[in-house]
Amino acid sequence: MALQIYISGKYYDKENAKISVYDHGLLYGDGVFEGMRSYSGKVFRLEEHLDRLWDSAKAIWLQIPISKQEMGTVVNKTLEINGIRDGYIRLIVTRGAGSLGLDPNRTSDPQVICITDHIALYPPEFYEKGLEIITASTIRNHSAALSPRIKSLNYLNNIMAKIEGLQAGCVEALMLNAKGEVAECTGDNIFLVKKGKLMTPSLDSGILDGITRGAVLDIAREAGIEVAEMALTKHDVYIADEVFLTGSAAEIIPVVKVDSRPIGDGTVGPITLKLTKRFHQITRE
Ligand SMILES: Cc1ncc(COP(=O)(O)O)c(C=O)c1O
């Protein structure tokens, strides 16, 4: 059976799952989304993802046409229909079809789309040996222009930095904020370890409030690891003992080289391994 995609109340075969070319989600990137994972049939931190989706929608004056509870049911039912227990979920809410102008008041019917599929963002050896990344010259969106906490359909800011990374032979790239502080990577949050202390940019560094970031902070605190959410510079990254990235799709992935500089001794560090082990336990148990 073809993969079934949910669009606003109905299921369609993957090749027939289509929305209007007048949808402002396509015309302007006007909409919001979530990326989640399910493990053994259970969506990891589903409520947190739905809360963030609603917060993103509120920030852009988008009224989601169904309730949070109904959305949760849509996600679980779409997984079930497709027989996916361990997979990735992409939930999208577009502004809906409208006229060829920016005015969101001239649109109707926001579309709710739920795609469930399998994902392998990076090959296994990247998880074993760690990634090499570069710092992109493209800075993360200024919070006063468009808050990076909004998970909107407009990802051009991140895509420009991703292209820089790919052109340098790296699958991820570090983005700084307008102050030159470390923000996040193009699709992942960043963590550093220095002398046993775990550090990650605070929300006011202009980042997405990552759900995996939150889970890693919880795990670290439970394990008695000292944790700080703070402003960090590229210098802090270069002199870190360990660096890793977090995201729903990537999970936890080590970084062993940044801007050609080896991080620590250039291998995956013990705190990264410890946190990853625990993350696998809580998601896969
Ligand atoms: C820009 C950005 N930062 C961080 C993340 C990680 O967030 P989460 O752990 O909620 O997936 C993502 C994930 O899509 C992202 O796009």
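Just so it is clear, none of the values below were taken in a lab; they were calculated from the coordinates. These numbers come from a predicted model, not from an experiment. With ideal geometry, Cβ positions are generated from the backbone for all residues, glycine too; neighbour counts draw on all protein chains shown.
Any chance region 81-90 includes a residue that's in contact with an Asp or Glu (Cβ under 9 Å, 6 or more places away or on another chain) and either in a helix (DSSP H, G or I) or within 24 Å of Ala240 (Cβ to Cβ) (or both)?
No: zero hits.
Consider Leu275 carefully, then state whether it is within 16 Å of the ligand (Cβ to nearest atom), part of a helix (DSSP H, G or I) and surrounded by 14 or more Cβ atoms within 10 Å (Cβ to Cβ). Here the answer is yes, as Leu275 does meet what is asked.
The set of residues in region 234-268 that are closer than 19 Å to Leu176 by Cα, of a type in the set (S, T, N, Q) and either surrounded by fewer than 21 Cβ atoms within 10 Å (Cβ to Cβ) or more than 16 Å from the ligand (Cβ to nearest atom) (or both) contains only Ser260. Restricting region 3-42 to residues that are surrounded by fewer than 17 Cβ atoms within 10 Å (Cβ to Cβ) and among the aliphatic types (A, V, I, L, M), the residue that is nearest to Ile150 (Cα to Cα) is Leu26.
For region 166-191, the set of residues classified as crowded, with 23+ Cβ neighbours inside 10 Å and either closer than 26 Å to Pro270 by Cβ or in contact with an Asp or Glu (Cβ under 8 Å, 6 or more places away or on another chain) (or both) consists of Glu172, Ala173, Leu174, Met175, Val182, Glu184, Cys185, Thr186, Asp188, Asn189, Ile190, Phe191, listed by residue number.
Checking each residue in region 195-226 for being surrounded by 16 or more Cβ atoms within 10 Å (Cβ to Cβ) and over 21 Å from the mean Cα position of the chain (by Cα) picks out only Ile225.
Of all residue pairs spaced 6 or more apart or on separate chains, those with beta-carbon atoms under 9 Å, a first member in region 177-195 that is within 12 Å of the ligand (Cβ to nearest atom) and a second member that is in a strand (DSSP E or B) and of a type in the set (D, E, K, R) are Ile190/Glu184; Phe191/Glu242. Selection of strands (runs of 3 or more DSSP E) fully inside region 1-52 by the criterion of at least 3 residues being of a type outside the set (Ser, Thr, Tyr) returns 4-7, 31-39.
Given the structure, is Gly83 over 17 Å from the mean Cα position of the chain (by Cα), without any contact (Cβ under 8 Å) to a residue 12 or more places away in the chain, away from the ligand (no atom under 16 Å from the Cβ) and over 30 Å from Ile252 (Cα atoms)? Here the answer is no, as Gly83 does not meet what is asked.
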